[in-house]
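What follows is one structure encoded as structure tokens, with my remarks underneath.
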Amino acid sequence: MSIDFSTDKKPLTEFSLASLADIVFLLLIFFLLTSSFIPQFGIQVNLPKTSTSAPTDAQYVTVIITSEGHYYVDQNQISKEQLLPVIQSSLNGRTSLVLRADEDATVGQFATVASVARALNLRILMATERESFGF
């Protein structure tokens with residue numbers, strides 16, 4: 001006894017694209033919605049002006065960079081090469097450094113102070129001025 005599974009019907013060679021279009025549409029919606037949740041990291045060029053500012057007091061070593069590229073540590077002008085020894089000698093138990101850099105100071109000058117602070121295991125803070133809204 002044998003069973004015959006053959007039929008006279010031809011196999012379906014066409015298929016509907018509607019389900020494929022639905023899947024593509026759902027993926028498009030998914031990616032459009034999730035891409036808006038990716039944070040946008042904008043870089044402000046004028047960082048010294050902010051809407052809030054933290055007070056600075058004597059618990060920090062203060063380093064100032066002028067627009068001409070002069071360095072000051074605790075109100076004393078020093079050269080770039082003197083940064084490490086002068087900051088190290090003026091620590092007196094302080095663990096943080098406040099950088100008061102002019103808006104026209106370069107990133108290289110900031111990096112120089114940051115590397116000295118890192119070498120001395122100091123936390124570095126960037127001092128800013130409160131933005132005036134003209135009220």
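The values are calculated or read from the model by the stated rules, or taken from the named source; none is laboratory data. Quantities reported herein were computed from a predicted structural model and do not represent experimental measurements. Cβ atoms come from the backbone with ideal geometry, glycine included; neighbour counts cover every protein chain shown.
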| task | Among what's in the range 17-45 and is part of a loop (DSSP other than H, G, I, E, B) and of a type in the set (S, T, N, Q), pick the residue that is modelled with the lowest pLDDT. | result | Gln44
| query | Just a yes or no: is a residue in the range 98-114 acidic (Asp, Glu) and part of a strand (DSSP E or B)? | reply | no
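In the range 53-91, which residues are modelled with pLDDT under 55 and either over 22 Å from Glu103 (Cβ atoms) or not aliphatic (A, V, I, L, M) (or both)?
Scanning the range 53-91 gives Ser53, Pro55, Thr56, Asp57.
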| query | Looking at the range 70-95, which of its residues are surrounded by 14 or more Cβ atoms within 10 Å (Cβ to Cβ) and either of a type in the set (Gly, Ala, Ser) or touching a residue at least 60 places away in the same chain (Cβ under 8 Å) (or both)? | reply | Ser90
| task | Give me a count of the residues in the range 56-97 that are closer than 16 Å to Arg123 by Cβ and assigned to a strand (DSSP E or B). | result | 6
